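Asker: Please see the structure below; I have some questions.
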Amino acid sequence: QRSAQELPLVEKQSVESYPATGGKMMMLGGLNFLPESKVVFVEKAQDGHHLWETEAKVDKDSMKSTTLAVEIPPYRNQRISSPVQVNFYVCNGKRKRSQYQRFTYVPAN
């Protein structure tokens, strides 16, 4: 019972899409964010296997239990010609993950 309450929950994000170069700060609003929370961006193929996964930089200084500032990581391919949909989640340690959130990388120019 207790563990459900400790799961991080993302309720809103300040940026829905961004160029593949990354680097912009995105604010996440939600619950149960911890100093050790990690934000992981993931891209999966249609068949479900991982194509790409990277940990985003979290700004520990502006960290609160309800807000998390995270730097959008560069996408694995900077030369995309059409938008790419990926997911990210907040992780508070083993088996404590938020639901997947959507994020879209768009071509840089």
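Asker: Determine the per residue accessible area of the chain with all protein chains present and a 1.4 angstrom probe, expressed in square angstrom.
Answerer: 62 Å²
Asker: Excluding the sites themselves, what is the longest stretch of the chain that contains no GluC sites (Glu not before Pro) in a DSSP loop with at most 16 other C-beta atoms within 10 Å?
Answerer: It runs 37-109.
Asker: Apply 1/(1 + (r/R0)^6) to the Cβ-Cβ distance of E6 and R102, taking R0 = 30 Å, and write down the FRET efficiency to the nearest 0.05.
Answerer: Once the sixth-power term is evaluated, E becomes 0.80.
Asker: Turning to a different aspect of this structure: Compactness ratio of the chain: Cα Rg over 2.2 N^0.38 Å, N = residue count?
Answerer: Here the Cα radius of gyration is 1.06 times the empirical estimate.
Asker: Tell me which trypsin sites (Lys or Arg not before Pro) from the range 1-88 have a DSSP coil assignment and no more than 16 other beta carbons within 10 Å of their own.
Answerer: K24, K64, R76, R79
Asker: Within the range 87-109, list the residues whose amide N lies under 11 Å from a label point set 7 Å along Cα→Cβ of M25.
Answerer: Taking a point 7 Å out along Cα→Cβ of M25, no residue of the range 87-109 has its backbone N under 11 Å.
Asker: If I model a spin label as a point 7 Å beyond the Cα along the Cα-Cβ vector, how far apart are those points for W52 and K94 in nm?
Answerer: In this crude spin-label approximation the distance works out to 3.1 nm.
Asker: When the accessible area of the chain is computed with all protein chains present and a 1.4 Å probe, what percentage of it is carbon and sulfur?
Answerer: 47 percent
Asker: Ok, one more. Please tell me the relative contact order of the chain in percent, rounded to the nearest whole number, where contacts are Cα pairs under 8 Å and at least six residues apart.
Answerer: Computed over the chain, the figure is 34 percent.
The values are calculated or read from the model by the stated rules, or taken from the named source; none is laboratory data. All of these numbers come straight from a predicted model, not from anything done at the bench. Don't worry about glycine lacking a Cβ; one is built from the backbone with ideal geometry, like all the others, and counts go over all protein chains shown. We work out accessible area using only protein heavy atoms, side chains counted, and drop any ligands, DNA or RNA first. Shrake-Rupley method; radii C 1.70, N 1.55, O 1.52, S 1.80 Å.
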